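Enquirer: Okay, here's the structure, questions in a sec.
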2 protein chains.
Amino acid sequence: MTTTSGASGSSRIPIAVLISGNGSNLQSLVDAQEALESYEIVVVISDRPDVQGLDRAHDADIASEVVDWNLFESRVSFSDAICDVAERHGARGLVLAGFMRILSSNAINRFTDAIINVHPSLLPAFPGAHAVENALAYGVATTGITVHFVDEQVDHGPIISQESVMVRPDDDAASLHSRIQHVEHRLLPLAVAAFAQGNLTVDGRHVRWGTSTPETEKR
Amino acid sequence: MTTTSGASGSSRIPIAVLISGNGSNLQSLVDAQEALESYEIVVVISDRPDVQGLDRAHDADIASEVVDWNLFESRVSFSDAICDVAERHGARGLVLAGFMRILSSNAINRFTDAIINVHPSLLPAFPGAHAVENALAYGVATTGITVHFVDEQVDHGPIISQESVMVRPDDDAASLHSRIQHVEHRLLPLAVAAFAQGNLTVDGRHVRWGTSTPETEKR
């Protein structure tokens with residue numbers, strides 16, 4: 001829709017942010033990117049037109065494209081198109097920020113250990129699309145959020161960070177989800193920044209945080 | 001082994017504590033019972049002889065009995081014997097404090113909504129006998145503890161309380177379990193006290209905390 005605002009000349013890692021809706025996690029990434037000085041959102045990709053997240057991209061002068069799920073024959077062709085757009089914009093990582101589609105294995109292999117998802121529960125508890133509702137129905141007293149690398153199983157890949165959120169006696173899905181999102185907006189940018197700085201090392205199911213050669217120096 | 005130190009004349013709710021080993025959670029219940037003024041441990045029941053928990057009971061002048069798992073033909077007969085001992089001592093609730101056996105449905109029905117278990121993970125994540133090791137193997141950044149009522153499924157019943165514990169990069173099972181137990185020793189006595197005060201109401205999978213008619217006044 002718009003063109004990229006340009007990562008050229010920057011020492012920041014270019015990332016694509018994938019959205020399906022209002023894009024509040026996208027906004028947290030936009031708001032933090034100047035302060036964190038490590039990643040640059042080069043394109044926002046939505047799986048549907050006319051979502052608020054696209055307006056947020058426009059307002060932040062970030063390129064955006066729609067890869068409309070409904071126009072593709074298969075998950076594979078849809079996922080390939082997502083990766084093509086991301087690579088065309090120079091992205092070296094994908095961030096799933098409220099993105100409600102499951103990417104193909106092929107897509108995951110094109111961005112090995114470089115796709116980050118945020119999920120509104122403490123995985124492995126409550127995977128899937130209704131994590132907050134399911135946690136309430138189960139009757140947990142503590143839930144939380146998980147930021148993790150994406151692997152070929154849904155809501156399963158190596159965990160980057162987690163933080164707990166207490167359930168209040170009078171919580172409904174909306175009130176609990178609101179507090180969870182508040183934490184997401186803090187943790188997701190920090191995880192993406194650590195990835196961009198080369199501070200995350202994946203070793204099987206474990207993610208080690210620590211200083212290593214920054215991705216920026218590997219260019 | 002010894003005789004009960006006597007709940008008669010007390011307004012506290014008599015409970016039985018079931019153990020399988022060193023009994024550190026038993027010790028936390030012993031240490032807190034005077035301050036909490038709501039429950040009284042009338043008997044400690046071990047599923048095996050010669051465990052440290054039995055010495056702790058003796059030192060606290062609390063009756064103890066061994067119901068030796070190895071001497072029973074079936075889970076049902078073993079569980080019946082546990083309940084018989086508990087009832088003979090006047091117990092109105094059972095607390096599973098590191099007790100490694102699964103009670104029969106019949107036993108659970110004899111103490112409906114009156115059997116409390118403590119589990120070293122944030123259920124429903126990592127049920128079973130190796131919760132701490134399994135959480136480490138999965139690579140979680142946050143785990144915790146769960147205090148819950150026992151139902152007929154293992155590590156599944158309505159949740160009374162949970163608290164999170166962060167996993168440190170250098171944790172092994174021993175170091176993580178040690179920090180988890182520290183939290184258990186705080187949460188378990190509070191949950192048992194709330195039960196004894198009649199402050200826990202089970203509604204399906206949900207446990208409501210709130211003031212109701214104390215169990216002591218129902219006598």
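The values are calculated or read from the model by the stated rules, or taken from the named source; none is laboratory data. Small disclaimer: the values here were computed from a predicted structure and weren't measured. Note that we place each Cβ from the backbone using ideal geometry, even for glycine, and neighbour counts take in every protein chain shown.
Enquirer: Only residues that are more than 16 Å from B:ALA91 (Cα to Cα) and in contact (Cβ under 8 Å) with a residue 40 or more places away in the chain: list them for region B:40-51, please. Outline the logic, then answer.
Expert: Of region B:40-51, the ones more than 16 Å from B:ALA91 (Cα to Cα) are B:47-51.
The one that is more than 16 Å from B:ALA91 (Cα to Cα) and in contact (Cβ under 8 Å) with a residue 40 or more places away in the chain: B:ASP47.
Enquirer: State whether the residues of region A:129-141 include one that is within 16 Å of the chain's Cα centre (by Cα), within 11 Å of another protein chain (Cβ to nearest Cβ) and in a loop (DSSP other than H, G, I, E, B).
Expert: No, because not a single residue in region A:129-141 is within 16 Å of the chain's Cα centre (by Cα), within 11 Å of another protein chain (Cβ to nearest Cβ) and in a loop (DSSP other than H, G, I, E, B).
Enquirer: Continuing with this model, one more query. Could you pull out the residue among A:VAL44, A:VAL51, A:VAL30 that is at pLDDT 95 or above, more than 14 Å from the chain's Cα centre (by Cα), under 25 Å from A:ASP68 (Cβ atoms) and of a type outside the set (S, T, N, Q)?
Expert: On the way: A:VAL44 fails: more than 14 Å from the chain's Cα centre (by Cα); A:VAL30 fails: more than 14 Å from the chain's Cα centre (by Cα).
Criteria check complete, one pass: A:VAL51.
Enquirer: I would also like to ask the following. Take B:ARG168 and tell me if it is among the basic types (Lys, Arg), touching a strand residue (DSSP E or B) at 6+ places or on another chain (Cβ under 9 Å), modelled with pLDDT of 95 or more and surrounded by fewer than 21 Cβ atoms within 10 Å (Cβ to Cβ).
Expert: Working: among the basic types (Lys, Arg): yes; touching a strand residue (DSSP E or B) at 6+ places or on another chain (Cβ under 9 Å): no; modelled with pLDDT of 95 or more: yes; surrounded by fewer than 21 Cβ atoms within 10 Å (Cβ to Cβ): yes.
No: the conditions fail for B:ARG168.
Enquirer: Could you please let me know if B:PRO169 is more than 16 Å from the chain's Cα centre (by Cα), more than 28 Å from A:ASN134 (Cα to Cα) and not polar (S, T, N, Q)?
Expert: Values: more than 16 Å from the chain's Cα centre (by Cα): yes; more than 28 Å from A:ASN134 (Cα to Cα): yes; not polar (S, T, N, Q): yes.
Against the criterion (more than 16 Å from the chain's Cα centre (by Cα), more than 28 Å from A:ASN134 (Cα to Cα) and not polar (S, T, N, Q)), B:PRO169 qualifies.
Enquirer: How many of the residues making up region B:146-160 are touching a strand residue (DSSP E or B) at 6+ places or on another chain (Cβ under 6 Å) and at the interface with chain A (Cβ under 10 Å from one of its Cβ atoms)?
Expert: Total satisfying the criteria: 7.
Enquirer: Would you please name the residue that is surrounded by the fewest Cβ atoms within 10 Å (Cβ to Cβ), looking only at residues in region A:89-102 that are within 22 Å of A:GLU73 (Cα to Cα) and in contact with a strand residue (DSSP E or B) (Cβ under 7 Å, 6 or more places away or on another chain)?
Expert: Residues of region A:89-102 within 22 Å of A:GLU73 (Cα to Cα): A:96, A:99-102.
Pick out the ones that are also in contact with a strand residue (DSSP E or B) (Cβ under 7 Å, 6 or more places away or on another chain) and you get A:96, A:99.
On the way: A:LEU96: 23, A:PHE99: 25.
Step by step, filter region A:89-102, then rank; the result is A:LEU96.
Enquirer: What residue, of B:ARG205, B:ARG168, B:ARG179, is touching a helix residue (DSSP H, G or I) at 6+ places or on another chain (Cβ under 8 Å), more than 10 Å from chain A (Cβ to nearest Cβ) and basic (Lys, Arg)? Before you say what the answer is, go through the steps one by one.
Expert: Numbers: B:ARG205 fails: more than 10 Å from chain A (Cβ to nearest Cβ); B:ARG179 fails: touching a helix residue (DSSP H, G or I) at 6+ places or on another chain (Cβ under 8 Å).
Matching residue, one of B:ARG205, B:ARG168, B:ARG179: B:ARG168.
Enquirer: Anything in region B:130-164 that is touching a Pro at 6+ places or on another chain (Cβ under 8 Å) and within 19 Å of B:ASN109 (Cβ to Cβ)? List them, or say none.
Expert: B:HIS148, B:PHE149, B:ASP151, B:VAL154, B:ASP155, B:HIS156
Enquirer: Under 8 Å between Cβ atoms, which residue pairs at least 6 apart in sequence (or on different chains) link something in region A:52-78 that is in contact (Cβ under 8 Å) with a residue 60 or more places away in the chain with a partner that is surrounded by fewer than 17 Cβ atoms within 10 Å (Cβ to Cβ) and assigned to a loop (DSSP other than H, G, I, E, B)?
Expert: Final answer for the pair search is A:ILE62/A:SER5; A:ALA63/A:MET1; A:ALA63/A:THR3; A:ALA63/A:SER5; A:SER64/A:MET1; A:GLU65/A:MET1; A:VAL66/A:MET1; A:VAL66/A:PRO49.
Enquirer: Something else now. Return yes when A:PHE195 is touching a residue at least 24 places away in the same chain (Cβ under 8 Å) and of a type in the set (A, V, I, L, M, F, W, C) and no when it is not. Write out each step before concluding.
Expert: Numbers: touching a residue at least 24 places away in the same chain (Cβ under 8 Å): yes; of a type in the set (A, V, I, L, M, F, W, C): yes.
Considered against the rule, which asks whether it is touching a residue at least 24 places away in the same chain (Cβ under 8 Å) and of a type in the set (A, V, I, L, M, F, W, C), A:PHE195 comes out as yes.
Enquirer: So B:GLY198 ticks every box in (1) closer than 23 Å to A:ALA137 by Cα; (2) in contact with a Ser or Thr (Cβ under 9 Å, 6 or more places away or on another chain); (3) part of a loop (DSSP other than H, G, I, E, B) but one. Which box is left unticked?
Expert: Here B:GLY198 clears every test but (1).
Enquirer: Of everything in region B:63-83, what is surrounded by 14 or more Cβ atoms within 10 Å (Cβ to Cβ) and under 21 Å from B:LEU26 (Cβ atoms)? Give them in sequence order.
Expert: B:ALA63, B:SER64, B:GLU65, B:VAL66, B:VAL67, B:TRP69, B:PHE78, B:SER79, B:ALA81, B:ILE82, B:CYS83, listed by residue number.
Enquirer: Could you identify the single residue in B:GLU163, B:GLU184 that is surrounded by fewer than 23 Cβ atoms within 10 Å (Cβ to Cβ) and either within 12 Å of chain A (Cβ to nearest Cβ) or under 25 Å from B:THR201 (Cβ atoms) (or both)?
Expert: Values: B:GLU184 fails: surrounded by fewer than 23 Cβ atoms within 10 Å (Cβ to Cβ).
That would be B:GLU163, the only listed residue that is surrounded by fewer than 23 Cβ atoms within 10 Å (Cβ to Cβ) and either within 12 Å of chain A (Cβ to nearest Cβ) or under 25 Å from B:THR201 (Cβ atoms) (or both).
Enquirer: Could I ask something else about it? Would region B:117-138 turn up any residue that is within 16 Å of B:SER79 (Cβ to Cβ) and crowded, with 23+ Cβ neighbours inside 10 Å?
Expert: First pass over region B:117-138, keeping only residues within 16 Å of B:SER79 (Cβ to Cβ): B:117.
If we keep only those that are crowded, with 23+ Cβ neighbours inside 10 Å as well, we get B:117.
Looking for residues that are within 16 Å of B:SER79 (Cβ to Cβ) and crowded, with 23+ Cβ neighbours inside 10 Å, one finds at least one in region B:117-138, hence yes.
Enquirer: Would you tally the residues in region A:92-112 being among the small types (Gly, Ala, Ser) and assigned to a helix (DSSP H, G or I)?
Expert: As a first pass, look at region A:92-112 and keep what is among the small types (Gly, Ala, Ser): A:93, A:97-98, A:104-105, A:107.
Pick out the ones that are also assigned to a helix (DSSP H, G or I) and you get A:105, A:107.
Counting residues in region A:92-112 that are among the small types (Gly, Ala, Ser) and assigned to a helix (DSSP H, G or I) gives 2.
Enquirer: For a quick check of your reading of the model, give me the residue pairs whose first member lies in region B:103-118 and is more than 24 Å from B:ALA131 (Cα to Cα), whose second is assigned to a strand (DSSP E or B) and of a type outside the set (S, T, N, Q), with beta-carbon atoms closer than 7 Å and at least 6 apart or on different chains.
Expert: Here the result reads B:PHE111/B:GLY93; B:PHE111/B:LEU94, each pair linking region B:103-118 to a residue that is assigned to a strand (DSSP E or B) and of a type outside the set (S, T, N, Q).
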